[in-house]
1. Which order results if 24, 232, 288 are arranged by neighbouring Cβ count within 10 Å, fewest first?
2. How would 308, 161, 205 line up from fewest to most surrounding beta-carbon atoms within 10 angstrom?
3. Under a point spin-label approximation (7 Å from Cα along Cα-to-Cβ), what is the residue 221-residue 253 distance to one decimal in nm?
4. Using a Förster radius of 35 Å, what is the FRET efficiency between residue 350 and residue 240 based on their Cβ-Cβ separation? Nearest 0.05, please.
5. What nm distance separates the two modelled labels at residue 61 and residue 156, each placed 7 Å from Cα along Cα→Cβ?
6. By counting other Cβ atoms within 10 Å of each Cβ, how are 76, 227 ranked from fewest to most?
7. As an exercise, use a Förster radius of 35 Å and the Cβ-Cβ distance of residue 96 and residue 52 to find the FRET efficiency, rounded to the nearest 0.05.
8. Need one word for the stretch 186-293: rounded, prolate or oblate. Basis is the Cα gyration tensor (sqrt eigenvalues a ≥ b ≥ c); a/c below 1.5 gives rounded, then a/b vs b/c decides.
Ligand SMILES: [Zn+2]
């Protein structure tokens with residue numbers, strides 16, 4: 001049984017092999033847009049998981065890397081373990097951000113977001129296999145290849161696998177000091193275009209319809225729908241309009257960033273955007289875009305899962321907190337289906353997408369230990 005073992009010390013003893021595997025992942029650079037690079041690491045990952053007895057389904061992609069679905073065990077119920085091995089760092093980043101361990105931190109492109117999470121999953125499964133541990137459910141590891149650009153090629157198949165799952169663990173980096181991420185905001189981008197009527201600014205001012213003035217009034221209104229208490233923010237991010245100062249501008253355009261914490265808020269803002277009416281009835285408004293990622297809500301079913309995870313952490317001797325965050329992940333595609341998610345199960349560290357990206361080495365064993373316990377007891 002798992003409960004009477006200290007898995008943290010088990011992985012402490014195996015930390016060198018974990019770091020070696022991590023080094024291999026980091027040194028095969030995988031920017032989302034470079035299919036052959038991403039597929040190179042994909043082949044390595046597939047072989048590693050297959051060697052542990054997983055069956056492989058490859059979801060072929062013409063442009064992005066092929067997604068990997070690796071299934072372990074049998075049964076009607078399954079746990080989806082979700083992550084991605086594409087990164088935002090171009091090939092060649094290693095020249096300035098090489099793999100290295102300094103002051104107890106392991107550095108390298110994509111290590112924290114989120115190659116470490118896949119390596120942790122591999123070592124958790126390796127322990128399950130080598131120690132003959134039973135799992136209550138089939139384990140389905142879904143390794144995505146285009147998360148960093150919004151998962152256009154993968155979100156549908158992620159949802160198909162999520163629908164068949166009792167729960168999903170997203171192995172993205174932990175928050176702060178190791179907290180799980182139990183909710184994430186959703187968001188998207190709206191574009192508002194205004195068409196007015198051009199006219200000579202001196203001779204025919206009265207017959208012109210000034211698109212910039214119309215847009216300015218709409219911008220103030222849109223921004224005012226922000227509600228910090230509900231976690232809803234709107235930010236008019238760019239505006240463009242006009243040609244020269246002596247012409248009443250006929251065209252103006254704004255792009256608006258929207259973040260929401262709940263599905264009703266996503267629907268409310270979408271409705272408000274679509275129902276915008278011109279202040280000057282002679283102007284015409286066109287709204288495009290929308291909320292592409294629904295919020296990852298903390299479903300009621302996630303609460304007992306969280307408590308269970310916290311109990312497993314306690315048995316390993318550490319406290320596990322939780323946090324709602326603003327940034328999105330593939331977890332956002334899952335809770336809208338009613339499937340509970342625990343996200344941020346991966347490494348403790350810092351610097352996602354930045355040059356100081358790293359994971360904290362002495363927190364690695366406890367994270368893999370937690371995974372072993374969750375995969376065998378949930
Ligand atoms: Zn990520």
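1. Fewest to most other Cβ atoms nearby, the residues stand as 288, 24, 232.
2. 205, 308, 161
3. Result for the modelled spin labels: 2.1 nm.
4. That pair, residue 350 with residue 240, gives E of 0.45.
5. 1.4 nm
6. 76, 227
7. For R0 = 35 Å, the calculated efficiency reads 0.50.
8. prolate
Every read-out reported here was derived from the displayed coordinates using simple, explicitly stated rules and does not represent laboratory data. From a predicted model like this one, the values you see are computed outputs, not experimental measurements. Every residue, glycine among them, receives a Cβ derived from its backbone with ideal geometry; neighbour counts consider all protein chains shown.
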